[in-house]
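**Q** Here it is, the structure, as structure tokens.
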């Protein structure tokens, strides 16, 4: 209980390095930055493992209180963002997919349409755009909420009540965001492909909707579905972990919250790009 | 009413070094040796920043001593984890500023420990919460969030939340801080009822430890006093005793209070 957060705090104790006097040379400065990056990676990884352990061990504990909280987080990181995602899907379809389809048709390359759409929309743009939007909308709110709770001593209050802060505050956010990003990506992809088809139809591209969707369906294989699920859940998991880590796993004062939020969003973007790179390698290998 | 009989040790500190919550490298008290037995009512006095809150956080097992041993109900707080959750829940704790959850109403704050630790139905939880709110005269404020009520009601809601799980040992960090004379009197009387055994809790006495920087409200002979001064912890007996009257911290606090 107390140990979970204490371990994370121990690993997140980077303040002394950040506030140390300025180094005398550029090499010292670069060395310190590298050291800070390594310590942050260690802290985030440890926090991720601790959270995974808590999810596995305590998923059913206090279910009367916790399961509604998980549903609430799924709603926050998923359902409530649906209108915004429908708008983004429509825009993506008209601005990118419609134009791509028209350009391919102009050069007589419509036979590449399916594989192009799968690579661009299903594998890359859909998951990455969803992750970035969820990071901006929900991840930032996570850091601010948790950072404020930390600064106001609410975390100590939870511990005083015998409530594990990782279980109560982090587990619902991690599960909610992992499932939210997965579901929103599916909706974004379907919406973007459909609006792209509509755009192509309106632009008089010589391609029937049935041919358009048949080509996309033929270009998709089971691995795309499996890796899409894995990738989007990994995005959601790590966005939640990075933002919660920065909000919760270090002692904060109220004035630190905004600075920490900026750092968390930056690291969230980097984490998503790194995960994306790993999946590109996986796609190339399979 | 007769005093509760002295029984087993509930809190024991041996050679404890107390460090600050916000800066673990800062030592606020050295070599704390203290034993609290079941049925006792302790008041720990000290000026502001003497280390009262940090001492209480160590006593509650919320901070681990870097040196020495702290035992709660026989369990070393260094090893407090999931397996000792039963022992952990025998201790109630209220912070100096209440530390309520700002997004919840007062009723939801009080309900939180019950909903987390007890497998009650919603109706049973609601009944228990309503009883506690009534006991602490919080019913009219039940559906307000902490930001919309005065500090005194926040303080009482924090006390109600700490009492929700019916602890055997209640640690209160400066419970009188910022209260008016009327509310101070009410609180001290209420704590006395808890210590003697309130009928709401089935007449079971609760062991109490409160910190304070104002000794006047606590001047009754049944309480034991300790003082924090110059980074040391000393037991100073009961109100008006020779050791009590001699202690530097006591004279500072009483003089300060008179001056105020």
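**Q** Given (1) over 30 Å from residue B:8 (Cβ atoms); (2) touching a helix residue (DSSP H, G or I) at 6+ places or on another chain (Cβ under 6 Å); (3) surrounded by fewer than 19 Cβ atoms within 10 Å (Cβ to Cβ), where does residue B:115 come up short, assuming only one miss?
**A** (3)
**Q** Something else now. Name the single residue, out of those in the stretch B:99-112 being outside any helix (DSSP H, G or I) and buried (at least 21 other Cβ atoms within 10 Å of the Cβ), that is farthest from the other protein chains (Cβ to nearest Cβ).
**A** Looking at residues that are outside any helix (DSSP H, G or I) and buried (at least 21 other Cβ atoms within 10 Å of the Cβ), I get B:100.
**Q** Another question about this same structure. Which condition from (1) within 13 Å of another protein chain (Cβ to nearest Cβ); (2) over 18 Å from residue B:167 (Cβ atoms); (3) buried (at least 19 other Cβ atoms within 10 Å of the Cβ); (4) out of contact with any helix residue (DSSP H, G or I) (no Cβ under 8 Å at 6 or more places or on another chain) is the one that residue B:79 breaks?
**A** That leaves (3) as the condition not met.
**Q** Turning to a different aspect of this structure: Taking the stretch B:136-177 only, how many residues are assigned to a loop (DSSP other than H, G, I, E, B) and within 11 Å of chain A (Cβ to nearest Cβ)?
**A** Residues of the stretch B:136-177 that are assigned to a loop (DSSP other than H, G, I, E, B), as a first pass: B:136-138, B:142-145, B:149-150, B:164-168, B:173-177.
Filter once more, keeping what is within 11 Å of chain A (Cβ to nearest Cβ): B:164-165, B:167, B:173.
Within the stretch B:136-177, residues that are assigned to a loop (DSSP other than H, G, I, E, B) and within 11 Å of chain A (Cβ to nearest Cβ) number 4.
**Q** I'd like the full set of residues that are part of a strand (DSSP E or B) and either closer than 22 Å to residue B:73 by Cβ or under 17 Å from the mean Cα position of the chain (by Cα) (or both), limited to the stretch B:30-63.
**A** B:32, B:33, B:34, B:35, B:36, B:37, B:41, B:42, B:43, B:44, B:45
**Q** Where in the stretch B:200-260 are there strands (runs of 3 or more DSSP E), lying fully within it, with 2 or more residues that are over 15 Å from the mean Cα position of the chain (by Cα) and assigned by TED's automatic domain parsing to the domain that holds residue B:31?
**A** Correct list: B:224-229, B:232-238.
**Q** Something else now. If you scan the stretch B:29-69, which residues turn out to be within 13 Å of another protein chain (Cβ to nearest Cβ), in contact with a helix residue (DSSP H, G or I) (Cβ under 8 Å, 6 or more places away or on another chain) and buried (at least 20 other Cβ atoms within 10 Å of the Cβ)?
**A** Scanning the stretch B:29-69 gives B:57, B:58, B:60, B:61, B:62, B:63.
**Q** Are there helices (runs of 4 or more DSSP H) fully within the stretch A:24-134 with at least 2 residues that are loosely packed, with under 14 Cβ neighbours inside 10 Å? List them.
**A** Of the helices (runs of 4 or more DSSP H) lying wholly inside the stretch A:24-134, those with at least 2 residues that are loosely packed, with under 14 Cβ neighbours inside 10 Å span A:26-58, A:63-77, A:82-92, A:98-106.
**Q** So residue B:93 clears everything in (1) surrounded by 16 or more Cβ atoms within 10 Å (Cβ to Cβ); (2) within 14 Å of chain A (Cβ to nearest Cβ); (3) without any contact (Cβ under 8 Å) to a residue 60 or more places away in the chain except one condition, right? Which one?
**A** (3) is the only condition that residue B:93 fails.
**Q** I've got another one for you. Is one or more of the residues making up the stretch A:205-228 closer than 19 Å to residue A:67 by Cα, touching a residue at least 60 places away in the same chain (Cβ under 8 Å) and either in contact with a helix residue (DSSP H, G or I) (Cβ under 9 Å, 6 or more places away or on another chain) or assigned to a helix (DSSP H, G or I) (or both)?
**A** No, the stretch A:205-228 contains no residue that is closer than 19 Å to residue A:67 by Cα, touching a residue at least 60 places away in the same chain (Cβ under 8 Å) and either in contact with a helix residue (DSSP H, G or I) (Cβ under 9 Å, 6 or more places away or on another chain) or assigned to a helix (DSSP H, G or I) (or both).
**Q** If you scan the stretch A:239-268, which residues turn out to be under 16 Å from the mean Cα position of the chain (by Cα) and surrounded by fewer than 24 Cβ atoms within 10 Å (Cβ to Cβ)?
**A** Within the stretch A:239-268, A:261, A:262, A:263, A:265, A:266, A:267 qualify.
The values are calculated or read from the model by the stated rules, or taken from the named source; none is laboratory data. Predicted model only: the values in this text are computed from it and were never measured. Please note: Cβ atoms are built from the backbone with ideal geometry, for glycine as well, and neighbour counts cover all protein chains shown.
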